[in-house]
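To keep things clear, I will list the structure first and then write my remarks on it.
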Amino acid sequence: MALINCPECKKEISNKAEYCPSCGFPINNKNKKIVVKQSQGIFLRTMNFGCFTVIIMFLLIVYSFVRTSSHPKINKIKDEAKTAIINRFTK
């Protein structure tokens with residue numbers, strides 16, 4: 001273990017120390033990677049919200065078509081309308 005001078009406060013510290021005990025200056029951080037996470041910009045957040053909104057609207061429209069097409073009263077009305085149209089043109 002050798003003693004070196006801290007580049008910041010010039011006090012003697014161990015060469016194996018990660019930080020200076022006196023001032024906290026990082027000494028041996030060569031192996032550590034500093035990762036900075038960038039936050040999404042306003043454009044990407046807006047696009048994400050817009051896409052989510054379009055998908056929800058599409059699902060609601062599909063659900064309403066499926067629900068109304070399988071409703072018994074609507075099927076009865078459709079059958080009556082088909083019969084009326086057929087009877088009108090066949091007479």
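The values are calculated or read from the model by the stated rules, or taken from the named source; none is laboratory data. Here the structure is a predicted model, which means the values were calculated and not measured. When we count neighbours, we look across all protein chains shown, and the Cβ atoms used for this are built from the backbone with ideal geometry, even at glycine. Calculation scope for accessible area: heavy atoms of the full protein, side chains included, ligands and nucleic acids excluded. Shrake-Rupley method; radii C 1.70, N 1.55, O 1.52, S 1.80 Å.
Values for this structure:
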{"item": "Tabulated pairs, segment 29-54, first farther than 30 Å from N15 by Cβ, second at pLDDT 80 or above, C-beta under 7 angstrom, 6+ apart or interchain", "result": "none"}
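Residues are listed down the side, and each one gets a yes or a no for (1) modelled with pLDDT under 75; (2) open to solvent by less than 90 Å² (accessible area, probe 1.4 Å); (3) of a type in the set (A, V, I, L, M):
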residue	(1), (2), (3)
L3	no, no, yes
I27	no, yes, yes
K33	yes, no, no
K37	yes, no, no
C51	no, yes, no
I77	no, no, yes
K91	yes, no, no
